[in-house]
Amino acid sequence: MPIKLPSFRSRRESYPPDLWTKCPSCDEMLFNKQLDKVMRVCPSCGHHFRLSAAMRLGQLLDPGTFGERDAGLQSVDPLGFVDQKPYPDRLAAAQVATGMRDAAVWGTGAIEGRAVAICVMDFGFMGGSMGSVVGEKVTRAAEAALAERLPLVVVSASGGARMQEGTLALMQLAKTVAALERLKAGRVPYLSVMTDPTTGGVFASYAVLGDVNLAEPNAMIGFAGARVAAGTIAQELPPGFQRSEFLFRHGFVDRVVTRAELRGELSALLAYLTPASLAVPGEAMDALMLPAFRPLSFLSALADRVIPDPEPEASADGRSGPDGSPRPATARASAASPPATSAATGRRHPGEVERG
Ligand SMILES: [Zn+2]
C-alpha cells in the first residue's frame, strides 16, 4: 500500500504576492528586491512604478539629512463619513498598510548639499487623496520655507481631494495656494514634481504652481479623468492626453525628467534659483538680505518690521487644525520650534524678527 507523503511542493510554488511585480507596460515579471534597487523603474521598458514617500525621500535627499516635521498630524472625521465603511476605519487600515499617518510627509533635508523644505505624497495612502492633513502639511512646508528662507520642493502623487472630508478637503486648495503665493511674494523658489498620478484637487492647486514644474515620464497628470473630459467637451481626445509628454509639448510641464535624473535635475535647478552661498546653510539668510541679490528683500524686510504680522489674519477664520487645536497657535509653535536644523540658530532674518 503506497504511503501518501505530505506535499511540501505546492507551498514552495506559491510565491508571496509581494515578491514579484508584473510590469504593466511590457508584461515583464520583475523581482521586487531588484526593482527597489533601480528605484522602481522597469529595467526593460523604463516604466516608472509608483514610489512610497519613504523611498522618494531616500531617492531625492542626501542620506541622513531628512528631519520630519509635524509627524503627529492626523485626520479626524469631521463629517462622520461612512461609505462602504466608516472613514476612521479606512484611515486606520491605510495607516497599518503604509506605516504613515496620512498621505503626505514633510520636513527639511538637503539635496546635494542644498538645504530644502520638502513635502512628499504617497499614493499608497488612500490614493494620495488630499484631506486637511495633506493640505496642512503642504501649507506648513510653504510657511516654514518662507520663514527659514529654504527652497520648497513638493512631490505630488494624488488622485485628488479626499471625498470623506468633503468641503474641508476642498478648502485645502485655497489654503495651499495662499501659502504658496506668500512664498512667491517672499521670492523663495518652489519646485514642483508631478508623479503618476497627479490629478484632481492637487493638480488644481499646488502641483502646477511651481517656479519650475517637473514631471516623471508618462505620468498621468490632469484634472478630471479622460472620459469625463471627453464627455464635457464632446470631442475625441488626442492620444497621450494627460500624460507628462503631452503636457510638456503644450507648455504645462517645464521638463519631463526620468527618476534616475531627478535628483540631479533638482540640484541643478536649486543652484540656478538660489544665490551661490545658499548652498551653505547658515550663510543663506545673509545672502538673501544682500541688496545686490534681491533688491526687494530690503523693502520686504522693512515692511516686516513696520507692518504687523499678516499671518493671524490669513488664518483667523476660526478654522481648527486637523488635530483639533486652533491653527494659528499650532502653526506658530511649529514654525518657532524647529529642532534647529538650519540656519535659524543664532541668526535672525527679516521674517523672524517679530517672532522673537
Ligand atoms: Zn516594463
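Taken together, the values in this text are just the output of simple stated rules run on the coordinates, not laboratory data. No experiment lies behind these values; they were computed from the predicted model shown. Every residue, glycine as well, gets a Cβ built from its backbone with ideal geometry; the counts of neighbours run over all protein chains shown.
Fewest-first ordering of R255, R263, R114 by other beta carbons within 10 Å of each residue's beta carbon gives R255, R263, R114. Simple rule: put +1 on each Lys or Arg Cβ and -1 on each Asp or Glu Cβ in region 48-271, find the dipole, and look at G72, L247, V257; the Cα lying farthest toward the positive end is L247. Couplings 3J(HN,Hα) of region 149-157, computed from phi: 6, 10, x, 9, 10, 10, 9, 9, 7 Hz, in residue order, whole Hz [Karplus 6.51 cos²θ - 1.76 cosθ + 1.60, θ = phi - 60°; x for Gly and Pro]. Between A97 and L79, the simple label model (points 7 Å from Cα in the Cβ direction) yields a spacing of 2.0 nm. Can you tell me, using C-alpha contacts under 8 Å and at least 6 residues apart, the relative contact order of region 106-234 as a whole percent? Relative contact order, region 106-234: 23 percent.
Here the Karplus relation 6.51 cos²θ - 1.76 cosθ + 1.60, evaluated at θ = phi - 60°, turns the backbone of region 201-214 into coupling constants of x, 6, 4, 7, 10, 6, 5, 9, 9, x, 4, 10, 9, 9 Hz, with x for every Gly and Pro.
Only beta bridges with both residues in region 48-271 are counted; by DSSP, about 40 percent of them are antiparallel.
Ranked by the mean number of other Cβ atoms within 10 Å of their residues, highest first, the peptides 85-92, 213-220 fall in the order 213-220, 85-92.
In this structure the amide hydrogen of R69, modeled in the peptide plane, comes within under 5 Å of the amide hydrogens of W106, G107, T108, none closer than 5 places in sequence on its chain. Around the amide H of I221, modelled in the peptide plane, lie the amide H atoms of T198, R243, S244, all under 5 Å away and 5 or more residues distant in sequence or on another chain. Whole-Hz Karplus values for region 219-225 come out as 6, 7, 9, x, 8, 9, x Hz, taken residue by residue from phi with 6.51 cos²θ - 1.76 cosθ + 1.60 and θ = phi - 60°; glycine and proline positions read x. Of all lysines in the structure, the ones whose alpha carbon falls short of 19 Å from that of K33, not counting any fewer than 8 places away in one chain, are K22. Given Cα positions, please report Rg to Rh for region 11-168, the hydrodynamic radius being the Kirkwood one. Checking Rg against Rh, the ratio lands at 1.02. Along the axis of the charge dipole computed for region 48-271 (Cβ charges of +1 for Lys and Arg, -1 for Asp and Glu, origin at the Cα centre), the listed residues S267, V120, L91 are led at the positive end by S267. Cross-link partners of K184 among lysines, defined as those whose alpha carbon lies under 24 angstrom from its own and excluding same-chain residues fewer than eight positions apart: K137, K175. Residues whose amide H falls under 5 Å from that of V257, counting only those 5 or more places apart or on a different chain, are A215, E216, with hydrogens built in the peptide plane.
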